[in-house]
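Read through the structure below, which is laid out as structure tokens, and then see the notes.
The values are calculated or read from the model by the stated rules, or taken from the named source; none is laboratory data. Note that the structure is a prediction, hence the values are computed from the model and not measured. Methodologically, a virtual Cβ is constructed for each residue, glycine included, from the backbone with ideal geometry; neighbour enumeration extends over all protein chains shown.
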């Protein structure tokens with residue numbers, strides 16, 4: 001008996017980067033073998049409006065970026081809260097496709113230092 005669930009993104013199960021309900025500890029211990037490797041997993045306990053997490057490895061650090069479901073437009077967006085000008089995508093695959101070609105900004109929580117990388121190497125645990 002869960003809250004309303006965000007629509008499952010059809011076809012996502014077949015993607016090379018979709019890790020399903022792999023938990024965070026598994027995502028933090030490498031199956032992410034190299035810089036710019038990434039996977040998408042189901043978020044644990046974040047509620048239906050943050051259904052997935054994008055995990056990206058860069059310079060030995062795993063960044064966990066929330067993927068939010070924006071109910072008003074039925075789209076997906078990256079990051080914790082709605083920025084006034086955020087990019088929205090019709091599917092999680094659309095997010096991945098975009099950031100294969102455009103660098104994603106990675107913000108390291110403790111130091112707030114920024115890094116940029118494209119999503120290059122899909123990983124399934």
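Taking the criterion of being at pLDDT below 90 and surrounded by 12 or more Cβ atoms within 10 Å (Cβ to Cβ), would at least one residue in the stretch 75-84 satisfy it?
There is at least one residue in the stretch 75-84 that is at pLDDT below 90 and surrounded by 12 or more Cβ atoms within 10 Å (Cβ to Cβ).
Any idea how many residues of the stretch 60-89 are out of contact with any strand residue (DSSP E or B) (no Cβ under 9 Å at 6 or more places or on another chain) and within 18 Å of residue 48 (Cβ to Cβ)? I'd like the intermediate steps shown before the answer.
From the stretch 60-89, those out of contact with any strand residue (DSSP E or B) (no Cβ under 9 Å at 6 or more places or on another chain) are 60, 71-74, 84-85; that's our starting set.
If we keep only those that are within 18 Å of residue 48 (Cβ to Cβ) too, we end up with 71-74.
Number satisfying all stated conditions: 4.
Scan 10, 4, 33 and give me the residue that is modelled with pLDDT under 70, over 22 Å from residue 94 (Cα atoms) and either part of a loop (DSSP other than H, G, I, E, B) or in contact with a helix residue (DSSP H, G or I) (Cβ under 8 Å, 6 or more places away or on another chain) (or both).
Values: 10 fails: over 22 Å from residue 94 (Cα atoms); 33 fails: modelled with pLDDT under 70.
Just a single option satisfies the conditions, and that option is 4.
Does residue 25 qualify as being loosely packed, with under 12 Cβ neighbours inside 10 Å and modelled with pLDDT of 90 or more?
no
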